[in-house]
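Scroll down for the structure; my scribbles are underneath it.
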Amino acid sequence: MTVRGQFPFTVIGHRGCAGVEPENTLRGVHRAIDMGCPMVEIDVHVLDGRLIVIHDGKVDRTTDGRGVLEKFKLEELRKLDAGLGEKIPYLEEVLEMCAGKCQLNIELKGKGSAEAVVEVLERWGPVHVVISSFEWDWLETVRKLDEVLDISVLVSKAYLLDAAILQAKKLRAVSVNPSLKILSEAFCDKVHAQDMLVYTYTVKEQKHLKHAQACGADGCFADFPDAVLKELR
Ligand code: G3P
Ligand code: MG
């Protein structure tokens, strides 16, 4: 059976809701849930064996600290201000916040995060989770360790689009998630023909949403999910 343009269009809070609240913070995730996002996306790295929620391998852009993650002890990192007094969260804190409220997209950013995420999820309760990454071999690790976890394949380069569909099929992924810059109707058709969905990133303006919808995407990652949800109503 071929999936065609899922309804309703899925609005995914990007890094929580990065345009509205400090990115990848509990405050941002909470706000995205309050806005009515059915799914929220965060990025994870591993430090001292714990999964921490942060996009970059350095703290400079998103906190009041300086330097690469590895130079920090976990307790020092947790003292940093990630915006409006927020701490860099642990994955478990986000899982707790999302449980029973929304689906959580965990994007693997740091080395070792595939194994660490699967281990945390084995101990965790019933949160609907999807694991994504640009590092496809890490997604293969996830699939080897867990037969049933939902997986999404991220792709940012046009020349990798067909390979991303093949990889997603091999991994039994639920979706292929391309950058808006390389999204097309033909690509959405190809993914749908393989019974998978297309979630595109990152919608920041109305014209981005129009493009995503015109191409037939099933949803988008949004920095301002409230504006997108309002537009869709
Ligand atoms: O998963 C969509 C998006 O989060 C991928 O790009 O750099 O924002 O993590 P980035
Ligand atoms: Mg991300």
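Working only within the stretch 126-142, note down all residues that are open to solvent by 30 Å² or more (accessible area, probe 1.4 Å), in a helix (DSSP H, G or I) and within 16 Å of ligand 1 (Cβ to nearest atom).
136, 138
Here are some residues: 171, 121, 145. Which one is in contact (Cβ under 8 Å) with a residue 24 or more places away in the chain and either open to solvent by less than 10 Å² (accessible area, probe 1.4 Å) or touching a Gly at 6+ places or on another chain (Cβ under 9 Å) (or both)? It would help to see each step written out before you state the result.
Numbers: 121 fails: either open to solvent by less than 10 Å² (accessible area, probe 1.4 Å) or touching a Gly at 6+ places or on another chain (Cβ under 9 Å) (or both); 145 fails: either open to solvent by less than 10 Å² (accessible area, probe 1.4 Å) or touching a Gly at 6+ places or on another chain (Cβ under 9 Å) (or both).
Being in contact (Cβ under 8 Å) with a residue 24 or more places away in the chain and either open to solvent by less than 10 Å² (accessible area, probe 1.4 Å) or touching a Gly at 6+ places or on another chain (Cβ under 9 Å) (or both) holds for just one of 171, 121, 145, which is 171.
Yes/no matrix, rows are residues, columns are (1) under 18 Å from residue 128 (Cα atoms); (2) buried (at least 22 other Cβ atoms within 10 Å of the Cβ); (3) charged (D, E, K, R):
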position	(1), (2), (3)
13	yes, yes, no
33	yes, no, no
44	yes, yes, no
49	no, no, no
68	no, no, no
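Hey, could you check the stretch 143-171 for residues that are part of a helix (DSSP H, G or I), over 29 Å from residue 96 (Cβ atoms) and among the hydrophobic types (A, V, I, L, M, F, W, C) and say which is farthest from ligand 2 (Cβ to nearest atom)?
We begin by selecting, within the stretch 143-171, every residue part of a helix (DSSP H, G or I); these are 143-145, 158-170.
From what is left, the residues that are over 29 Å from residue 96 (Cβ atoms) are 158-170.
Remaining after also requiring among the hydrophobic types (A, V, I, L, M, F, W, C): 158, 160-161, 163-166, 168.
On the way: 158: 19, 160: 17, 161: 19, 163: 20, 164: 16, 165: 20, 166: 22, 168: 17 Å.
In this case the residue turns out to be 166.
Give 152, 156 a once-over and let me know the one that is of a type in the set (Gly, Ala, Ser) and surrounded by 20 or more Cβ atoms within 10 Å (Cβ to Cβ).
Details: 156 fails: surrounded by 20 or more Cβ atoms within 10 Å (Cβ to Cβ).
Result of the check over 152, 156: 152.
Could you check residue 63 against (1) polar (S, T, N, Q); (2) closer than 20 Å to residue 202 by Cβ; (3) open to solvent by 10 Å² or more (accessible area, probe 1.4 Å) and say which number it fails?
The one condition residue 63 does not meet is (2).
Could you list, in sequence order, all residues of the stretch 209-223 that are more than 16 Å from ligand 2 (Cβ to nearest atom) and under 18 Å from the mean Cα position of the chain (by Cα)?
209, 212, 217, 218 - these are the residues of the stretch 209-223 that are more than 16 Å from ligand 2 (Cβ to nearest atom) and under 18 Å from the mean Cα position of the chain (by Cα).
Can you work out which of the residues in the stretch 95-118 that are part of a helix (DSSP H, G or I) and in contact (Cβ under 8 Å) with a residue 40 or more places away in the chain is nearest to ligand 2 (Cβ to nearest atom)?
113
Out of everything in the stretch 79-111 that is within 16 Å of residue 136 (Cβ to Cβ) and out of contact with any Ser or Thr (no Cβ under 9 Å at 6 or more places or on another chain), what residue ends up being surrounded by the fewest Cβ atoms within 10 Å (Cβ to Cβ)?
Applying the filter and picking the extreme gives 111.
Taking the criterion of being under 17 Å from the mean Cα position of the chain (by Cα), of a type in the set (Gly, Ala, Ser) and within 14 Å of ligand 2 (Cβ to nearest atom), would at least one residue in the stretch 54-76 satisfy it?
Yes, the stretch 54-76 contains at least one residue that is under 17 Å from the mean Cα position of the chain (by Cα), of a type in the set (Gly, Ala, Ser) and within 14 Å of ligand 2 (Cβ to nearest atom).
Given (1) assigned to a loop (DSSP other than H, G, I, E, B); (2) surrounded by fewer than 12 Cβ atoms within 10 Å (Cβ to Cβ), where does residue 75 come up short, assuming only one miss?
Just one mismatch for residue 75, condition (1).
The values are calculated or read from the model by the stated rules, or taken from the named source; none is laboratory data. No experiment lies behind these values; they were computed from the predicted model shown. Quick reminder, even Gly has a Cβ in these numbers, built from the backbone with ideal geometry, and neighbours come from all protein chains shown. Accessible surface areas use protein heavy atoms only, side chains included; no ligands, DNA or RNA. Shrake-Rupley method; radii C 1.70, N 1.55, O 1.52, S 1.80 Å.
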